[in-house]
1. Of the accessible area of the range 281-408, with the probe set at 1.4 angstrom, what percent is carbon plus sulfur?
2. How far, in nm, would the chain grow between His408 and Phe221 when pulled straight, counting 0.36 nm per residue and subtracting the alpha carbon separation?
3. With a 1.4 Å probe and all protein chains kept in place, how much accessible area does Ser231 have, in Å² rounded to the nearest 10?
4. At 7 Å along Cα-to-Cβ for each site, give me the label-to-label distance between Val262 and Ala436 in nm.
5. Taking just the alpha carbons, could you work out the radius of gyration and Dmax for the range 328-373, both in angstroms?
6. How do Asp125, Asp79 stack up against each other in accessible area, from largest to smallest, with a 1.4 angstrom probe?
7. Given the Cα-Cα distance of Glu290 and Tyr344 and 0.36 nm per residue of separation, how much length would full extension add, in nm?
8. Full-extension gain between Val76 and Leu108, please, as 0.36 nm times their residue separation minus the C-alpha to C-alpha distance.
Amino acid sequence: AEAEAAGGRGADGAVLRWCITGALCASFLGLGMSIAVLGPTFPNLAANVGKNVSDMYYIFVGRSLGFLGGSVVGGVLFDCMNATLLLALSMLGTTAGLYVIPWCKASLLLTVLMSVIGGSMGILDTGANVLILNTWGSESGPHLQALHFSFAAGAFLAPILAKMALGGSESEELAGAEKTNQSVLKSVPTASAASTTPAPKDHHDGDFLWSYIIIGTYILFTSIFLFALYSKSSSTRDKSNATGQKGGLAKYHWPLVSLLFVFFLFYVGAEVTYGSYVFTYATVFAEMTEGEAAALNSVFWGAFAVCRGAAIFGAAFLSPATMIVISLVCSAASSSALAFFAHYRALLWVGTAVYGASMATVFPSGISWIEQYTVVEGKTASLFVVGGALGEMCIPAVVGYLQGRFHHIPVITYATFVTSIMTVLLFPVMYKLANAPQENELKEVTDSETRRALLRHSRLTEDEEDEEDVREWNDADFEVIEMNDKLTNSLTGTSSRIPGDPPAEVSLQPHLDHVLGDPPVVAGGSPGRQNGNVDWEKSE
């Protein structure tokens, strides 16, 4: 009965883990839709507040700042409260923001709402990664890949929902540009037309709200499911799992975390930069038509999504380090082709596809990889998310500025090459730091060598003592033999001086008996013989 109860508890725990994973993937699906829906509906939001699109850049800044703040605050809160409850509350905040945005008529209020939604998204992005690690431990690789694939799927679905709500209006052109790699936010609109497009003033102005309502309702149901999971799990479950599955900090924990922060900054920045500017590059430098440029952009994001989905199964039999190395090699090769051989049309298409595929698995694989060597808590995960967000905000802005200064140089392709080289150089350094032996391991090695040395010394001492004992026993044997020889010679000399009997008949036994302590027994003798000797002594 006890065994059946234990098996039941184990089955319940497995079901709960899968339910948590499903809820987190559903949350990331909603996160992707919440981020990507802004692109297709951006002109409608501008019209709703009576502004031109060129004057609406600050809502991106507000959302990005909210995301960064939410990542940091979430990293702190996840270390002191239940993760499932915090995620449910953050999803509830996102739902409230999405419901209110379509009716917002003031630009300042819209910016505040975007900041609140960004903060909720930052909490979700940080916490979901930590909760997956705490739930699955060393088996978290495929589940992290599934989590981030859900985000890509959500970013793909949002423009479709917006198109259905808008009835195929002109905002469809902005849909593809807002597909992002990671659950981090863009700081500026990626479509160059967005800065000059006037706000639409037709009958589609009110239709876009249905896309926000649909996405908000979906996230609301996800939040309710997370609250149900919270009621089923204890408040200390996550931390107990983390304590049981993880060891101590790595010897170079903070240098390792800092390098991975920079690594994610370059990786996310490079991937978002290429995805944002590849359309412009194709039309200006590759002299493609707008249809061909849009197809090239779709190839990049399509390869990204397909490879992220395939990574769910690849992570089941490939280690995170192996997946990172494969991604970095493909990234370096494809970025080199794009930077130096993009004038060949075939290499441009192939390089874009390979570059998109190589970007797909780096972020989730990086989190899985570092979790093998050190403890990934809320604050640590928030640094990774913030690093990616900063890269997404800074690197595209720098590339855009340089491209504006140097019109005849394809800055975007050279930027992909430089960032790929930086990631290729950073990972071996991180790998070296991660595999540095701990102080306690060094102490164990030293203690082990000391014990081996002591054992060897004790064996040598025992051997020397055994040899000394053997020598002492040999010396004692020689002394006994010499003493017996002297005694024999003395008795023989005495018997030769006694008249009557021949020397051979004189018994040596009494003297030997006196030495050895045995009773006097004469070989072959008899009592008569012994009495005769006594009588002979008396007569003498």
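1. 71
2. Details: separation 187, 0.36 × 187 = 67.32 nm, distance 5.07 nm.
This chain segment gains 62.3 nm when fully extended.
3. 90
4. 1.4
5. 13.2, 43
6. Details: Asp125 0, Asp79 45 Å².
Correct descending sequence by accessible area is Asp79, Asp125.
7. Values: separation 54, 0.36 × 54 = 19.44 nm, distance 1.84 nm.
Full-extension gain reported as 17.6 nm.
8. Working: separation 32, 0.36 × 32 = 11.52 nm, distance 2.85 nm.
Gain in length upon complete extension: 8.7 nm.
The values are calculated or read from the model by the stated rules, or taken from the named source; none is laboratory data. This structure is a prediction, so every number in the text was calculated from the model and none was measured. Cβ coordinates were reconstructed from backbone atoms using ideal geometry, including for glycine residues, and neighbour counts include every protein chain displayed. With ligands, DNA and RNA removed, areas are computed over all heavy atoms of the protein, side chains included. Shrake-Rupley method; radii C 1.70, N 1.55, O 1.52, S 1.80 Å.
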